[in-house]
1. Across the range 149-208, what is the number of residues that are part of a helix (DSSP H, G or I) and closer than 26 Å to I131 by Cα?
2. Quick check: anything in the range 31-53 at negative phi, part of a helix (DSSP H, G or I), at pLDDT 95 or above and not β-branched (V, I, T)?
3. Specify which of the listed residues (K299, K271) is among the charged types (D, E, K, R), surrounded by fewer than 20 Cβ atoms within 10 Å (Cβ to Cβ) and not in a strand (DSSP E or B).
4. Can you name the residue in the range 1-16 that is modelled with pLDDT of 95 or more and within 19 Å of A199 (Cβ to Cβ) and, of all such residues, is farthest from ligand 3 (Cβ to nearest atom)?
5. Residues F174, F133: which one is more than 16 Å from ligand 1 (Cβ to nearest atom) and in contact (Cβ under 8 Å) with a residue 12 or more places away in the chain?
6. Does the range 392-422 hold any residues that are within 22 Å of the chain's Cα centre (by Cα) and under 20 Å from I304 (Cα atoms), and which are they?
7. Quick one: count up the residues across the range 209-242 that are in contact (Cβ under 8 Å) with a residue 12 or more places away in the chain, of a type outside the set (D, E) and either touching an Asp or Glu at 6+ places or on another chain (Cβ under 8 Å) or away from ligand 3 (no atom under 16 Å from the Cβ) (or both).
8. On the basis of being modelled with pLDDT of 95 or more and surrounded by fewer than 21 Cβ atoms within 10 Å (Cβ to Cβ), does L89 make the cut?
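The values are calculated or read from the model by the stated rules, or taken from the named source; none is laboratory data. Remember, predicted model here, so these are calculated numbers, not experimental data. Positions of Cβ are generated from backbone atoms using ideal geometry, with glycine treated the same way; all protein chains shown enter the neighbour counts.
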Amino acid sequence: MVFSEVKKVVKFGGTSLANAAQFVKCAEIIKSEKSRKYVVPSAPGKRFPEDTKITDMLIKCYELSAKKEDFSGLFNDIKDRYNSIIRELSLNINLDDEYKIIEEAIQKGATLDYVASRGEYLNGLILSAYIGFPFIDAKDVVFFNEKGQFDAQKTNDVMSERLKHCENAVIPGFYGSLPDGSIKTFSRGGSDITGAIVARAVMADIYENWTDVSGFLMCDPRIVKNPRPIKVITYRELRELSYMGAGVLHEDSIFPVKLAGIPINIRNTNKPSDPGTMIVPAAEDYDTHDIVTGIAGKKGFAVIRIEKDMMNQEKGFGARVLKVFADMDMSFEHLPSGIDTMCVVIAHSEIKGKEKEILDNITKAVNPDNIEIETNLGLIAVVGRGMIRTPGTAYRIFKAVASENINVRMIDQGSSELNIIIGVDEKDFDRAIELIYLEFCN
Ligand code: ADP
Ligand code: ASP
Ligand code: MG
C-alpha cells in the first residue's frame, strides 16, 4: 500500500524575506522538513521600522510615472535591494533583463496591479534560485474573471493539475491574471490568500503562514504590551477578528482552506521553534477553557440612532430604514436594535458629506420621533467560542470598561454568540481593549 506523503504549503511574509539574512532563515525552515513542498513568498518587506516595503516603492514608481515624473532613482533603489539579496546569498543569477522589462512597462503606462505585483514576482525568482525549487508564475495558475473577481474554480482546476506534476514549487503570492492575460492583484496583504489557494489545490495537510510574530496574539501588540498568543482558534473566530482589524492574516485567506478543512499554522520565522497558532475548522473538536479567544477593533465608525415609540409593532420599519441605505449604495456594519430604537452602525467614510441626505431620507421613510448621527465611534469585538456556554461575559466586559468610566455607546451580540461588539468613543478605544484583555487574562 502506498501512503500519501505529508504535504505542507509554506507562505513567508514580507519581513520574513526582507533581506538576505531573512532568506537564510526561510530556507532553513523549508529544508528542515521534506514535507514543506510548496512555497509562497511575499515581496521584501520592512527591514527595520522606518523602512519601506518593496510593494510600496513599486506603487510609488507607478504614481510618479503617471504624473510624468522621474522614477528612475526609486527604481534603482528597488534593484539595489534585490541585487544585495542576490549578492549576499552568492546566487548565480542576474535579474537585469527582468528589471528592464518592468522599468519599460512602467514608462509605457503599465497598470498599477502589474507594477505592484512585480515585488512578489522578482522575490519568487530569487527564492526559487536559492532553494532550488522550480518557479511557477502565479499568472499561469491564479485566475480572476472579467469582473476582476477571483475565479476559485478555474484556479483550483488549473493549479491542482499543474502541481500534481511538481514535487516542489515556488509560487509568488499576491497576484494572478485576468482572462485577457493581464495581471491582477488581490488587495494588500494578499499573499496570504495565495498561500491558502495553493494549500487547497494540493490538498495540503497544513498551511503554514510564517510571519514576524509567534502566532495570533490575543490583541494587537501595538495596543496591549505582550499579549498572550492564542494556541488554537477556529476559522470563524479568526474571521471575526481579522475582519475587525487583527492584521496578521488577510481576512479572505480563510475561505479556500475552510472549503478543504485544512488547518493554518501561524509561525514566527525569527523563532521557528515556537508552536505559533493553529487555526482549525470546528470549535467542538477543540474545546477551550478560555472564555475569550481574542479582542480586535477598528476606529472610524458612525452610528445613526433612530427612535420611535412602538416601532416594534410597525410592519416593515426595519426594511424601510435599510432601503434608504441600499438606495444610497451604502453598506452598514451592524444593526443593534431595541424595542423603540434601531441603530445603524456604518463606516464614517461611507456617510461623510451625506449626513443631511441620510437624515432626510430616513425621516421620509419612517417618520421617527428622534434621529441622530454620532461619529468617532470605535468598535471592539470580543470573540470567543467559550462565550457560548459562559453566562455573564457581557457583564464582565461592561464592568471592565466601566471601572475607568468609559462609556459604552453601543452593544451588539453577534447572532452566532461567538462575539460581543461594543462601541466606544475613539479616545477610549485603546484603553478599553486593554481593560477587557486584563479582565479575561488575569
Ligand atoms: P507579513 O508581512 O508576514 O504578512 P503582517 O505585517 O501582514 O505580516 O502581519 C503581522 C503583524 O500583524 C504583526 O507584526 C503585528 O504587528 C500585527 N498584528 C495586529 N494584530 C495582531 C494580533 N492580534 N496578533 C499578532 N499580530 C498582530
Ligand atoms: N506585498 C503585498 C503587500 O505589501 C502582498 C503581501 O505582502 O501579502 O500588500
Ligand atoms: Mg501580511
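1. Matching residues across the range 149-208 total 20.
2. Within the range 31-53, one or more residues are at negative phi, part of a helix (DSSP H, G or I), at pLDDT 95 or above and not β-branched (V, I, T).
3. K271
4. Restricting to residues being modelled with pLDDT of 95 or more and within 19 Å of A199 (Cβ to Cβ), the top hit is K7.
5. F133
6. Of everything in the range 392-422, those that are within 22 Å of the chain's Cα centre (by Cα) and under 20 Å from I304 (Cα atoms) turn out to be G414, I420, I421, I422.
7. Matching residues across the range 209-242 total 19.
8. When the stated conditions are applied, L89 passes them.
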